[in-house]
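What follows is one structure encoded as structure tokens, with my remarks underneath.
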Amino acid sequence: YEFVKSQIPYVLDKQGYQWIKSPGRLWAEKAGDCKSFSVFIASCLKNLGIPYGYRFASYDKADPTPTHVYIYVPVGNKELILDAVWSGPFNTQKQYEHKQDYPMAKTSYLGTAGKHIPGVLRIDTPIEDLTDGELDLLLLKQKLEIKKMNAGIAGVGAYDEALKTIDHCIRNVGNPDLI
């Protein structure tokens, strides 16, 4: 919360657009709004194993349509408020007129079903069953596929060879002699 609040400027999305940035993109661009701030903070909490929820708030008595989102953490019968946009003190929130809370259940990443889509991480094994090496190979493959998509025609060949090597390693991860 404090990192996002102090290191990433709050910038509204361009009129007519709603961008939800991944934590990596938010940090790379160093600018975002409440949606991207919330995803960043939620990602940190998820990786720390801390339960959390998204709170969608409206400040208009006549209209319950949410215009803001932030994170809350249930702590016993209380909650910790993590709103990196709010200018008030830590663990406080602007008084809303309407709210919708969405506590996050245990979440797991599900890869694509059957068909491989370049640049989309495909994990067919439960993530907790993967070794660090297997996960590293899958992430490297995703990174190279994205770079290949952005390389243009001239740079594709080098990526094809590297991807072929990574696919070989993934297929033979259980047999180091073949790698």
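The values are calculated or read from the model by the stated rules, or taken from the named source; none is laboratory data. In this text the structure is predicted, and so the values were computed from the model without any measurement. Cβ placement follows ideal geometry from the backbone for every residue including glycine, while neighbour counts extend to all protein chains displayed. Note: areas computed on protein heavy atoms with side chains; ligands, DNA, RNA excluded. Shrake-Rupley method; radii C 1.70, N 1.55, O 1.52, S 1.80 Å.
The table that follows gives values for the structure above.
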| item | result |
| --- | --- |
| Rounded to 10°, Cα long-axis angle of helix 34-47 versus longest principal axis of the chain | 60 degrees |
| Angle between the chain longest axis and helix 156-171 axis [Cα atoms, degrees, rounded to 10] | 90 degrees |
| Accessible-area ranking of 141, 78, 99, largest first, probe 1.4 Å | 78, 99, 141 |
| Estimated [θ] at 222 nm from DSSP helical runs (n ≥ 4, -39500 (n - 2.57)) normalised by residues in the chain, nearest 500 | -11000 deg cm²/dmol |
| Among 157, 42, 81 - extreme Cα towards positive end, dipole of the chain, charges at beta-carbon | 81 |
| Solvent exposure ordering (accessible area, 1.4 Å, most first) of 70, 96 | 96, 70 |
| Accessible carbon and sulfur surface of the chain relative to its total accessible area, %, 1.4 Å | 58 percent |
| Matching label, Rg and Dmax of the Cα atoms in Å computed from the structure shown, candidates [x] 20.6, 68; [y] 17.6, 51; [z] 22.8, 73 | [x] |
| DSSP bridge pairs, the chain: antiparallel proportion in percent, nearest 5 | 95 percent |
| Between 0 and 90°, nearest 10: helix 132-151 axis offset from the chain longest Cα axis | 90 degrees |
